[in-house]
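In what follows, a single structure is set out as C-alpha cells and then discussed.
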Amino acid sequence: MAVVVLDKICKTYGNSYHAIKDLSLTIHDGEFLILVGPSGCGKSTALRMIAGLEEISSGTLSIGGQDVVDLAPKDRDIAMVFQSYALYPHMTVFDNIAFSMKLAGKTKAERTKRVHEIAKILQLESLLGNKPAQLSGGQRQRVAMGRAMVREPAAFLMDEPLSNLDAKLRVQMRAEIASLQRQLGVTTIYVTHDQTEALTMGDRVAVLKGGVLQQVDTPKALYHRPVNAFVAGFIGSPSMNLFEGRLEGMRIHLPGFSIPLSDSAFERAPGLSAFEGKALIFGVRPEDLYDSRLPSGASYPTIPVVVKSIEELGSELIVHLKIDAVRIDSGDPDAVEDLSGAANAVARFEAVSTVETGQSINLAIDPAKLHFFHPQTHMALN
Ligand SMILES: Nc1ncnc2c1ncn2[C@@H]1O[C@H](COP(=O)(O)OP(=O)(O)OP(=O)(O)O)[C@@H](O)[C@H]1O
Ligand SMILES: [Mg+2]
C-alpha cells in the first residue's frame with residue numbers, strides 16, 4: 001500500500017506532441033482513484049508514466065514516498081492491467097494467474113488457495129484448466145485482471161480493464177472490482193472513458209481533457225459542483241444541457257422565452273450577480289426537466305418546446321427536444337451522440353408521461369437546479 005504523488009508531470013512525445021501538461025495529483029494510501037476523459041486525452045499516457053513504461057518528460061513521481069522516476073517498471077512494485085493485454089498462450093488460466101506467485105517462490109498450496117479465491121471473484125473457476133485460445137475476449141480480460149490481483153503490490157494500475165466485456169458482465173465486474181479494492185485496500189488508479197464507471201467505482205475521480213487536469217473530486221461533488229462546462233457536460237448521462245442566455249433582473253432570457261430565478265440561485269452561485277445584463281451559459285441536467293402535465297412538474301415554470309424523438313427505456317423516457325435557444329458545446333466529443341435530428345436538448349421523463357414525437361409541449365424546469373458558467377472561460381460562476 002502506498003501514496004502515489006504526481007508533481008507537475010509533463011509528457012511530450014517524440015513528434016513534439018504535448019500529451020500531458022503539468023499534471024499534479026496525489027492518490028492517497030488505499031484510495032481508488034478514477035482517471036476519466038474522452039478518447040485521446042492522455043489517460044493511458046499518464047498511467048504508463050506511473051508504471052514506468054513511458055518516460056516522464058518533466059516533473060516528479062513518487063510511490064510510497066520513494067522517487068521512482070529513474071526506476072525500471074519491475075522495481076516500482078505496481079501491478080498493471082492493460083487496455084490491450086497479453087496472456088501466456090501455452091499456459092492454462094490457472095498458470096497464467098499463478099505465474100507471478102511461482103516466480104516469487106510461493107508454495108503450491110499457497111498458489112492454489114489464492115488462485116481459487118481470485119477465480120471465484122472473477123467467475124473463472126470453471127475455466128482454470130483452459131488455455132487462452134479457448135476463452136472469449138471478456139474471459140481473457142478477466143484472466144489479465146486475475147494476474148494482477150494475485151500479487152500484493154503497492155499500487156494497482158488499470159487501463160480500461162472492462163472494455164471487452166458485455167454490458168451485463170461489466171456492471172457486475174464493476175461492483176466486484178470496487179468491493180475487492182476496498183477489501184484489499186491497495187491504492188488503485190483506474191482509467192476509463194466511461195463516465196458511469198467513473199461515478200460508480202471510485203473514491204475520487206480525476207477528469208482529464210487534452211492532457212490537462214480539469215477537476216479531482218468525489219463523484220457527488222463532480223456531479224453537483226462541476227468546475228467548468230466541460231466537466232458539467234462530461235459527467236452525467238445523458239449530458240447536461242448547456243445554453244446561451246442573458247441575465248436580466250431575476251430572469252434568464254433566451255430568444256423565445258425566459259426562466260425566473262429564485263434567490264437560492266444567487267446564493268449557490270455568488271458570481272452570478274456580476275452578470276446582470278450580460279450574456280452567460282446556463283446548464284440544466286436532463287432529470288431537472290419535467291413533463292409539466294405530470295404532478296412532478298406541475299409547480300415549476302415552463303418553456304415551450306417540440307418533441308423530436310423519444311427513447312423508451314421502460315423505467316423512464318429519454319426525450320429529445322427542440323428548444324428555441326442556442327446550445328453550447330461542452331467540448332466533450334462524445335456528448336453530441338445524445339442529440340438526434342434537430343433536437344438541442346435532452347430530458348428524462350417519468351415512464352408515465354404520454355408525450356409523443358412531434359408534439360409541442362410545455363417543458364417544466366426546476367430553476368433551483370440550474371448551473372451557470374462564464375460565457376468565455378466556461379468556468380462555473382461559484
Ligand atoms: N507514442 C506516441 N507518439 C506520439 N503521440 C502519441 C503516442 N502515444 C499516444 N500519443 C498521442 O497522445 C494522446 C494521448 O494518448 P493516450 O493513449 O494517452 O489517450 P487515452 O486518453 O488513453 O485515449 P483512449 O481513451 O482512446 O485510450 C493522443 O492524442 C495520442 O495520439
Ligand atoms: Mg487509453
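Please get the size of the charge dipole for the stretch 13-126, origin at its Cα centre, with Cβ charges of +1 on Lys and Arg and -1 on Asp and Glu, quoted in debye to the nearest 20. Its charge dipole is roughly 480 debye. Considering only beta bridges that DSSP places wholly inside the chain, some 75 percent are antiparallel.
Near residue 355, once Lys and Arg are set to +1 and Asp and Glu to -1 for all other residues with Cβ below 10 Å from its Cβ, the sum equals -1. In sequence order, the stretch 366-382 has phi-based couplings of 7, x, 6, 9, 6, 10, 10, 9, 5, x, 9, 7, 6, 7, 5, 8, 8 Hz under the Karplus curve 6.51 cos²θ - 1.76 cosθ + 1.60, θ = phi - 60°, and Gly or Pro positions carry x.
Hey, got the dipole for the chain? About the Cα centre, +1 on K and R Cβ, -1 on D and E Cβ, debye to the nearest 20? Could you put the intermediate results ahead of the total?
Working: 38 positive and 43 negative charges, 219 e Å.
Value, rounded to 20: 1040 debye.
Counted by neighbouring Cβ atoms within 10 Å, the residues 230, 94 run from fewest to most as 94, 230. When the charge dipole of the stretch 1-85 is built from unit charges on Cβ atoms (+1 for Lys and Arg, -1 for Asp and Glu) and taken about the Cα centre, the candidate among 45, 4, 32 whose Cα reaches farthest toward its positive end is 45.
Is the shape of the stretch 235-373 rounded, prolate or oblate, going by the alpha carbon gyration tensor and its root eigenvalues a ≥ b ≥ c, with a/c under 1.5 for rounded and a/b larger than b/c for prolate? Since a/c reaches 1.5 and a/b is larger than b/c, the shape of the stretch 235-373 is classed as prolate. Taking the centroid of alpha carbons for each part, the stretch 165-194 and the stretch 44-108 are 18 Å apart. Taking amide hydrogens as placed 1.01 Å from N in the peptide plane, the amide H of residue 248 sits under 5 Å from those of 253, 277, each at least 5 positions away in sequence or on another chain.
Residues in the stretch 103-109 carry Karplus couplings, in order, of 4, 7, x, 6, 6, 4, 5 Hz; the curve used is 6.51 cos²θ - 1.76 cosθ + 1.60 with θ = phi - 60°, and Gly or Pro positions show x. In terms of its C-alpha gyration tensor, the chain has a prolate overall shape, because the principal axis ratio a/c (a ≥ b ≥ c, square roots of the eigenvalues) is not below 1.5 and a/b outweighs b/c. A cut-off of 5 Å between modelled amide H atoms, ignoring neighbours fewer than 5 places along the same chain, links residue 208 with 36, 37, 214.
Helical runs assigned H by DSSP (4 residues or longer) give the chain a calculated mean residue ellipticity at 222 nm of -7000 deg cm²/dmol, each run adding -39500 (n - 2.57) before division by the residue total. Dipole magnitude for the stretch 88-166: about 360 debye, using +1 per Lys or Arg Cβ and -1 per Asp or Glu Cβ, origin at the Cα centre. Classify the stretch 220-274: rounded, prolate or oblate, from the alpha-carbon gyration tensor (a ≥ b ≥ c, eigenvalue square roots; a/c under 1.5 rounded; otherwise prolate if a/b is larger than b/c)? Since a/c reaches 1.5 but b/c is at least a/b, the shape of the stretch 220-274 is classed as oblate.
Normalised by the number of residues in the chain, the average gap of Cα pairs under 8 Å and 6 or more apart makes the relative contact order 16 percent.
Just so you know, all these numbers are worked out from the coordinates, no wet-lab data involved. Being a predicted model, the structure only gives us computed values, none of them experimental. Neighbour counts run over all protein chains shown; Cβ positions are idealised from the backbone, glycine included.
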